[in-house]
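Participant: The structure is given below, and queries will be raised subsequently.
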């Protein structure tokens, strides 16, 4: 069947549409946009035709890219979730409860959601349960069961299961968790992140000892007791010191594992919780699989990205500029669209529905930043480029919050809203006084509004954009993507901005602004993430790509610099024998990276 395609649409983009998003009977992209727009507008109480037209206009030309689950599921009539990812409930340290949690994860994944877990509640290997006398096998052993479940539930098709596992830096099994993926056959469907606290890094800097602990309740072992706030508890609980290790040695072990295998990443959980808009009712310890949304138990990701290249006027010309007015209006419409998604989506579990509708979290982000900067004549690693990026994110943030206040006037605030507590949050205190006053007066529809996802698959759909806030990875490359049967296809790809340059200036060499990721220093990657983080109330998925020959000390310093800059998390990817490399310029990738398009939940 011949279908109409946008002019210049790459073959890989069409492949993504056909294998992931196109529904039976859809002759072209216009039909996909119309299906999604009508479905999302069905949540409107009046003027549904008008909102269908507005949403469709937002989608046309790839100006706004809803999360992949929205594109694949909205308007299909199938019982699937339109939320990309979830953090699952607290895993109780009892065998029946553990397998109940496994079943909940399987149901969620079956309906299309990626899942994240904090495994810190599971007792360490070798300890004895007081009630049964059984000897615990530890969190990593149970993670293997989840890994098998994931490969079974999503064993075919164009998507692979995505899961995130986190563990506290003071859990007695933290070393086993850190080293878990040194075996390339282990935990292939998991991304791993260590919950790193400010106290732990302070102990690292001071070369102090670090106690590894577990809640004392139900644990008959002897040992010193200290108070720690633990996953699933509302406050501090008595914890027994199981072992004591040098903090610096534990940190070095983490850095070495990440250097050799690209995992684990780190979550700076104190920074996450200081800035959590729902700080008074949540303690966040886990994220979705790619890290851009820290979530409470049973929390959900409702994602979409504004394509910045669509707002560039006169690209590559001396007068190139961003259409900020159109960006603002698109932001407002995108906020409404994502808010509507929460009213039309199915949820795999009743608990997920309750949490999502009590808080109405959404995650509006950006993609195509690297390409847009190049089209504007800015280098990704320049201070002026970071200034442009910060202006963009600030514009999106403030407009999104204003739109959510307007929605609260129309539809009411999110049910869990408590004005004084909400306004006392770290992120809210950074907003302009006029916006804070509007929230105090009128409320706000959504507890959180901004998140920057990797957006890899939807960026391929839109013409192979630089994804999320990443720089251009390679001007040209070969890339493997899954087809509907679960087999890989190889495509030769050209970066979107590079293709635009070639069309405008045939035969001309690429300008200096078309800088590839390999030519960008690691600290410049961090500086870009740090420039945007103050305007993102959730978090940012960002991979710091480094050269294979970087020294271990310099590699470890990237994580410490990320903490100093106030980031909420950090993932550093060094090409290695275990994980291969993300994309190979002019050569195909042989391994799926931690945030590859098959792993990100679309």
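The values are calculated or read from the model by the stated rules, or taken from the named source; none is laboratory data. Model, not experiment: these values are computed from the prediction. In this analysis, Cβ positions are derived from the backbone assuming ideal geometry, glycine residues included, and neighbour counts consider all displayed protein chains.
Participant: Within region 90-98, is there a residue that is in a helix (DSSP H, G or I), at pLDDT 95 or above, in contact with a strand residue (DSSP E or B) (Cβ under 8 Å, 6 or more places away or on another chain) and crowded, with 21+ Cβ neighbours inside 10 Å?
Facilitator: Looking for residues that are in a helix (DSSP H, G or I), at pLDDT 95 or above, in contact with a strand residue (DSSP E or B) (Cβ under 8 Å, 6 or more places away or on another chain) and crowded, with 21+ Cβ neighbours inside 10 Å, one finds none in region 90-98, hence no.
The rows are residues; the columns are (1) surrounded by 20 or more Cβ atoms within 10 Å (Cβ to Cβ); (2) without any contact (Cβ under 8 Å) to a residue 40 or more places away in the chain; (3) in contact with a strand residue (DSSP E or B) (Cβ under 7 Å, 6 or more places away or on another chain).
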{"site": "33", "(1), (2), (3)": "yes, yes, no"}
{"site": "44", "(1), (2), (3)": "no, no, no"}
{"site": "107", "(1), (2), (3)": "no, no, no"}
{"site": "113", "(1), (2), (3)": "yes, no, yes"}
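Participant: Moving on. Output the number of residues of region 115-126 satisfying the condition of being buried (at least 20 other Cβ atoms within 10 Å of the Cβ) and not in a helix (DSSP H, G or I). Can you show your working first?
Facilitator: Within region 115-126, the subset buried (at least 20 other Cβ atoms within 10 Å of the Cβ) is 115-124.
Now drop any that are not not in a helix (DSSP H, G or I), which leaves 115-118, 122-124.
Counting residues in region 115-126 that are buried (at least 20 other Cβ atoms within 10 Å of the Cβ) and not in a helix (DSSP H, G or I) gives 7.
Participant: Take residue 109 and decide whether it is modelled with pLDDT of 95 or more and either in contact with a helix residue (DSSP H, G or I) (Cβ under 6 Å, 6 or more places away or on another chain) or outside any helix (DSSP H, G or I) (or both).
Facilitator: It is false that residue 109 is modelled with pLDDT of 95 or more and either in contact with a helix residue (DSSP H, G or I) (Cβ under 6 Å, 6 or more places away or on another chain) or outside any helix (DSSP H, G or I) (or both).
Participant: When you check residue 336 against the structure, is it crowded, with 16+ Cβ neighbours inside 10 Å, part of a helix (DSSP H, G or I), touching a helix residue (DSSP H, G or I) at 6+ places or on another chain (Cβ under 6 Å) and at pLDDT 95 or above, yes or no?
Facilitator: Details: crowded, with 16+ Cβ neighbours inside 10 Å: yes; part of a helix (DSSP H, G or I): yes; touching a helix residue (DSSP H, G or I) at 6+ places or on another chain (Cβ under 6 Å): no; at pLDDT 95 or above: yes.
Judged against the criteria, residue 336 is not a match.
Participant: Examine region 303-320 for a residue that is within 29 Å of residue 146 (Cβ to Cβ), assigned to a helix (DSSP H, G or I) and over 16 Å from the mean Cα position of the chain (by Cα), and state whether such a residue exists.
Facilitator: Checked against the condition, which is being within 29 Å of residue 146 (Cβ to Cβ), assigned to a helix (DSSP H, G or I) and over 16 Å from the mean Cα position of the chain (by Cα), region 303-320 yields no hits at all.
Participant: For region 42-53, give me each residue that is within 27 Å of the chain's Cα centre (by Cα) and under 26 Å from residue 465 (Cβ atoms). Give the derivation first.
Facilitator: So the first thing to find is which residues in region 42-53 are within 27 Å of the chain's Cα centre (by Cα), and the list is 43.
Residues satisfying the conditions do not exist here.
Participant: Step by step: first the residues of region 339-373, then only those that are in a loop (DSSP other than H, G, I, E, B) and under 18 Å from residue 292 (Cα atoms), then the one that is farthest from the chain's Cα centre (by Cα). Which residue is that?
Facilitator: Per the stated criteria, the residue is 360.
Participant: Same structure, new question: Mind listing just one residue for me: the one in region 286-322 that is closer than 17 Å to residue 118 by Cα and touching a helix residue (DSSP H, G or I) at 6+ places or on another chain (Cβ under 6 Å) and, of those, surrounded by the most Cβ atoms within 10 Å (Cβ to Cβ)?
Facilitator: Within region 286-322, the match that is surrounded by the most Cβ atoms within 10 Å (Cβ to Cβ) is 300.
Participant: Assess whether residue 211 counts as being surrounded by fewer than 23 Cβ atoms within 10 Å (Cβ to Cβ) and more than 24 Å from residue 557 (Cβ to Cβ).
Facilitator: Details: surrounded by fewer than 23 Cβ atoms within 10 Å (Cβ to Cβ): yes; more than 24 Å from residue 557 (Cβ to Cβ): yes.
Considered against the rule, which asks whether it is surrounded by fewer than 23 Cβ atoms within 10 Å (Cβ to Cβ) and more than 24 Å from residue 557 (Cβ to Cβ), residue 211 comes out as yes.
Participant: Somewhere in region 248-260, is a residue at pLDDT 95 or above, touching a strand residue (DSSP E or B) at 6+ places or on another chain (Cβ under 8 Å) and under 24 Å from residue 336 (Cα atoms)?
Facilitator: No: zero hits.
Participant: Continuing with the same structure: Scan region 94-105 for residues that are in contact (Cβ under 8 Å) with a residue 40 or more places away in the chain and either under 18 Å from the mean Cα position of the chain (by Cα) or farther than 16 Å from residue 346 by Cβ (or both) and jot them down.
Facilitator: Taking region 94-105 and keeping what is in contact (Cβ under 8 Å) with a residue 40 or more places away in the chain, we get 98, 102, 104-105.
Residues satisfying the conditions are 98, 102, 105.
Participant: Residue 299 - would you say it is out of contact with any strand residue (DSSP E or B) (no Cβ under 7 Å at 6 or more places or on another chain), touching a residue at least 60 places away in the same chain (Cβ under 8 Å) and under 30 Å from residue 108 (Cα atoms)?
Facilitator: No: the conditions fail for residue 299.
Participant: Residues of region 209-229 being more than 24 Å from residue 570 (Cβ to Cβ) and touching a helix residue (DSSP H, G or I) at 6+ places or on another chain (Cβ under 8 Å), which ones?
Facilitator: 209 - this is the single residue of region 209-229 that is more than 24 Å from residue 570 (Cβ to Cβ) and touching a helix residue (DSSP H, G or I) at 6+ places or on another chain (Cβ under 8 Å).
Participant: Next question. Among all residue pairs at least 6 apart or on different chains, which show Cβ distances below 6 Å where the first residue, located in region 314-330, is at positive phi and modelled with pLDDT of 95 or more and the second is surrounded by fewer than 15 Cβ atoms within 10 Å (Cβ to Cβ) and outside any loop (DSSP other than H, G, I, E, B)?
Facilitator: Listed pairs, sorted by first residue: 316/504.
Participant: Separate question: Would you tally the residues in region 188-208 being touching a helix residue (DSSP H, G or I) at 6+ places or on another chain (Cβ under 6 Å), assigned to a loop (DSSP other than H, G, I, E, B) and either surrounded by fewer than 21 Cβ atoms within 10 Å (Cβ to Cβ) or at pLDDT 95 or above (or both)?
Facilitator: 3
Participant: Out of the residues in region 73-89 that are farther than 14 Å from residue 300 by Cα and touching a helix residue (DSSP H, G or I) at 6+ places or on another chain (Cβ under 8 Å), which is surrounded by the most Cβ atoms within 10 Å (Cβ to Cβ)?
Facilitator: 74
Participant: Right, here's the next one. Please find, among 451, 424, the residue that is buried (at least 24 other Cβ atoms within 10 Å of the Cβ), more than 12 Å from residue 12 (Cβ to Cβ) and out of contact with any helix residue (DSSP H, G or I) (no Cβ under 8 Å at 6 or more places or on another chain).
Facilitator: Answer to the selection: 451.
Participant: Testing residue 264 on (1) in contact with a helix residue (DSSP H, G or I) (Cβ under 7 Å, 6 or more places away or on another chain); (2) farther than 17 Å from residue 569 by Cα, one condition comes back false. Which one is that?
Facilitator: (2)
Participant: In addition: Tell me, which residue of region 557-581 that is assigned to a helix (DSSP H, G or I) and within 19 Å of the chain's Cα centre (by Cα) is surrounded by the most Cβ atoms within 10 Å (Cβ to Cβ)?
Facilitator: Among those residues, the one meeting the criterion is 562.
The rows are residues; the columns are (1) over 24 Å from the mean Cα position of the chain (by Cα); (2) closer than 20 Å to residue 139 by Cβ.
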position	(1), (2)
182	no, yes
205	yes, no
224	yes, no
242	yes, yes
250	yes, yes
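Participant: Moving on. Is at least one residue of region 552-571 modelled with pLDDT under 95 and closer than 12 Å to residue 262 by Cα?
Facilitator: Yes - at least one qualifying residue is present in region 552-571.
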